[in-house]
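Trainee: Pasting in a structure now, in structure tokens, and then I'll have a few things to ask.
The values are calculated or read from the model by the stated rules, or taken from the named source; none is laboratory data. Note that the structure is a prediction, hence the values are computed from the model and not measured. Positions of Cβ are backbone-derived with ideal geometry, glycine not excepted, and every protein chain shown enters the neighbour counts.
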Amino acid sequence: MNYIGNFIRKYRGDMSLRDFAEKCGISHTHLDSIEKGIDPRTGKPVSVTVETLKKIANAMGMTINDLLIQSGDVKIEDLQFDNANIVDIPSNTVKIPVLGIVKAGIPIEAQQDIIDYVEIPKDWTKGGKEYYGLKISGDSMYPKYDNDDIVIFLKTNEVISGKDCAVMVNGFDATFKKVLFQNDSIILQPYNSNYQVQMFNKEQIEQLPVKIIGIAKEKRTKL
């Protein structure tokens, strides 16, 4: 079974073959043969060098061993290479998914489709911390956040007043606001004064429910 090829195809998602091949530093034709598992010139299983595996793994923000383990293939130490010494260089970054779009205005249904991947420092993940990205749509958080910004969130249900948070409402609607607490109520405050503040009392918080799903860590703005 073509474990690595299937894993790469699933990983790149909507990213084009050419774009991901360029990111890896290999030709798109070679990447295509790796994904399909067949060398079109010979009709036989494709041969992948250690160097190519390293390039693909680096583009994914992981080691060769991680690539092989996550794809379901054998571990690197189980492979046999003639006249080759394997040097697996650790990466200082990891890739996290950008999970669709969150509207910085009226809550909309959160999309779970992965639309991109971004790199974050590996140090951020110490202690088992998890992160994800969301693409911002709308201007209710302007001027601090712009439309199309990608915001990196620390995955947490922790309640901290005064933080910019991704919030789930009704169990499936996601919005992005500054979260404030007043007595037993949650206030979702936009930075743009043209938008209204939303307030949920204790009963609404429990029944809807209203739930914090992430705290903004960093924003990525494309020029």
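Trainee: So, in region 140-160, exactly how many residues are more than 19 Å from Gly128 (Cβ to Cβ), of a type in the set (Val, Ile, Thr) and surrounded by fewer than 21 Cβ atoms within 10 Å (Cβ to Cβ)?
Mentor: Residues flagged as more than 19 Å from Gly128 (Cβ to Cβ), of a type in the set (Val, Ile, Thr) and surrounded by fewer than 21 Cβ atoms within 10 Å (Cβ to Cβ) within region 140-160 amount to 2.
Trainee: Given the structure, is Ile4 crowded, with 17+ Cβ neighbours inside 10 Å and in contact (Cβ under 8 Å) with a residue 60 or more places away in the chain?
Mentor: Yes.
Trainee: Checking the conditions here, which among Lys122, Lys129 is closer than 16 Å to Gly214 by Cα, modelled with pLDDT of 85 or more and surrounded by fewer than 17 Cβ atoms within 10 Å (Cβ to Cβ)?
Mentor: Lys129
Trainee: If you don't mind, another one. In region 16-51, what residues are within 18 Å of the chain's Cα centre (by Cα) and surrounded by fewer than 15 Cβ atoms within 10 Å (Cβ to Cβ)?
Mentor: Hits for region 16-51 are Ser16, Asp19.
Trainee: Mind listing just one residue for me: the one in region 52-63 that is among the β-branched types (Val, Ile, Thr) and under 14 Å from Gly5 (Cα atoms) and, of those, surrounded by the most Cβ atoms within 10 Å (Cβ to Cβ)?
Mentor: Ile56
Trainee: Another one. Among what's in region 1-50 and is of a type in the set (D, E, K, R) and touching a Gly at 6+ places or on another chain (Cβ under 8 Å), pick the residue that is farthest from Gly100 (Cα to Cα).
Mentor: Result: Lys36.
Trainee: Something else about it: Tell me which residues, restricted to region 130-181, are part of a loop (DSSP other than H, G, I, E, B), in contact with a Gly (Cβ under 9 Å, 6 or more places away or on another chain) and not polar (S, T, N, Q).
Mentor: Gly138, Asp139, Met141, Lys155
Trainee: Looking at region 191-203, which of its residues are loosely packed, with under 15 Cβ neighbours inside 10 Å and either among the polar types (S, T, N, Q) or more than 16 Å from Lys178 (Cβ to Cβ) (or both)? Please lay out each step first, then the result.
Mentor: Initially, region 191-203 is screened for residues loosely packed, with under 15 Cβ neighbours inside 10 Å, giving 193-194, 196-197, 199, 201-203.
Ser193, Asn194, Gln196, Asn201, Lys202, Glu203 - these are the residues of region 191-203 that are loosely packed, with under 15 Cβ neighbours inside 10 Å and either among the polar types (S, T, N, Q) or more than 16 Å from Lys178 (Cβ to Cβ) (or both).
Trainee: Asn170 fails exactly one of the following numbered conditions: (1) loosely packed, with under 14 Cβ neighbours inside 10 Å; (2) modelled with pLDDT of 90 or more; (3) in contact with a Pro (Cβ under 9 Å, 6 or more places away or on another chain). What is the number of that condition?
Mentor: In the conditions (1) loosely packed, with under 14 Cβ neighbours inside 10 Å; (2) modelled with pLDDT of 90 or more; (3) in contact with a Pro (Cβ under 9 Å, 6 or more places away or on another chain), Asn170 misses (2) alone.
Trainee: While we're looking at this one, here's another question. Please state which one of Ile69, Ile114 is under 25 Å from Asn6 (Cβ atoms), modelled with pLDDT under 90, touching a Gly at 6+ places or on another chain (Cβ under 8 Å) and not polar (S, T, N, Q).
Mentor: Unique residue meeting the criteria: Ile114.
Trainee: Separate question: Do we find that Lys163 is under 18 Å from Lys217 (Cβ atoms), loosely packed, with under 12 Cβ neighbours inside 10 Å and basic (Lys, Arg) in this structure?
Mentor: Spelling it out, it is not the case that Lys163 is under 18 Å from Lys217 (Cβ atoms), loosely packed, with under 12 Cβ neighbours inside 10 Å and basic (Lys, Arg).
Trainee: Six or more apart or on different chains, Cβ atoms under 6 Å: show the pairs whose first residue is in region 169-191 and in the same structural domain as Gly133 (by TED's automatic domain parsing) and whose second is hydroxyl-bearing (Ser, Thr, Tyr) and assigned to a loop (DSSP other than H, G, I, E, B).
Mentor: The qualifying pairs are Leu180/Ser161; Phe181/Ser161; Pro190/Ser140.
Trainee: Let me ask something additional. Within region 215-223, can one find any residue that is surrounded by 13 or more Cβ atoms within 10 Å (Cβ to Cβ) and of a type in the set (Val, Ile, Thr)?
Mentor: yes
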